[in-house]
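Any read-out appearing in this document is the output of simple, stated calculations on the displayed coordinates, not a laboratory observation. Not measured: the values here are computed from a predicted model.
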Amino acid sequence: MVKCSNCGSEINESSNNCPNCGTPVSKQESVEGTFCTSCGRKLNPGATFCPSCGTKTDKENKCSNCGFELSENVAFCPKCGLPTNQKQNSVKTCRNCGSVIEEGTTFCQECGLNVFTGEKSNFQNVNSPQSFSDKMDLNAIIKPTIAALIFSIILSAIGLSIGFVWGSFIIAIIISVGFFAGSVDNEVNASVLGVVTGLLLGILENPLVQFLFGPYAATAYAYYFGGQLVLLMVIGVIVAYASNIFLGSYIKGIVDERMPWLK
């Protein structure tokens, strides 16, 4: 059966003309998707529901990739970018890197290209390891390094005052670097923080003793204990690396909550 495109009357397919208005059958359109199967009203192309009775049509204008309901006459899906006249399974390889695209995938897993729109996303392949230079960001460790150095100097002074002597600097570097190295974003930056803090504290070792106890005490300290610069650097980098790997998430939580100025 077809319905007359002029008056909506039902016409047998064997008829040559509409019995109501006489329109030739050769000019009629199929019932499906053209007229409502319930009330017979003519439907607009791509309509999902009949505007008169609300009956759902057989044809739905949805994206074949994500299922998003499309407006009439759109060229691309506004959600995933798939051309409305292109089937998803026609996409086989990435136009940028040539990698095979799995069915149902919008972005290339290798280069991050949107396989439908050709736009590059902020995608980063998690399987590609970052180099040392990629991870290192000196700007990100300036504040934590300064904080670690100040804290280590204060702890060293306290230790010297109560008699820890040379052990004061070692304990100070372990505590200060152990905390502040855990607050940075990766182990490379943490290691740089540790070695720099150890270096600077080693340089300030004798001046700090002289400041607290005078030149004679500094001379005696240097004679009996010598400089610990290399030792402090080695301890600093080891503690920093271990702290960032094993305690990083815990320390970052403390910093985010109580020390936002450190970032």
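Name the residues whose placed amide hydrogens come within less than 5 Å of the amide hydrogen of K62, ignoring near sequence neighbours (fewer than 5 apart) on the same chain.
Amide H neighbours of K62: L70.
Rounded to the nearest whole Å³, what is the per residue volume of the convex hull around the Cα atoms of the stretch 132-262?
Each residue corresponds to 99 Å³ of Cα convex hull volume.
Once amide H atoms are placed 1.01 Å from N in the peptide plane, what residues at a sequence separation of 5 or more from N17, or on another chain, have their amide H within under 5 Å of its amide H?
Amide H neighbours of N17: V25.
Could you give each residue of the stretch 228-241 its phi-based ³J(HN,Hα) in whole Hz, using Karplus coefficients 6.51, -1.76, 1.60 with θ = phi - 60°, and x for Gly or Pro?
10, 4, 5, 4, 5, 5, 5, 4, x, 6, 5, 5, 4, 4
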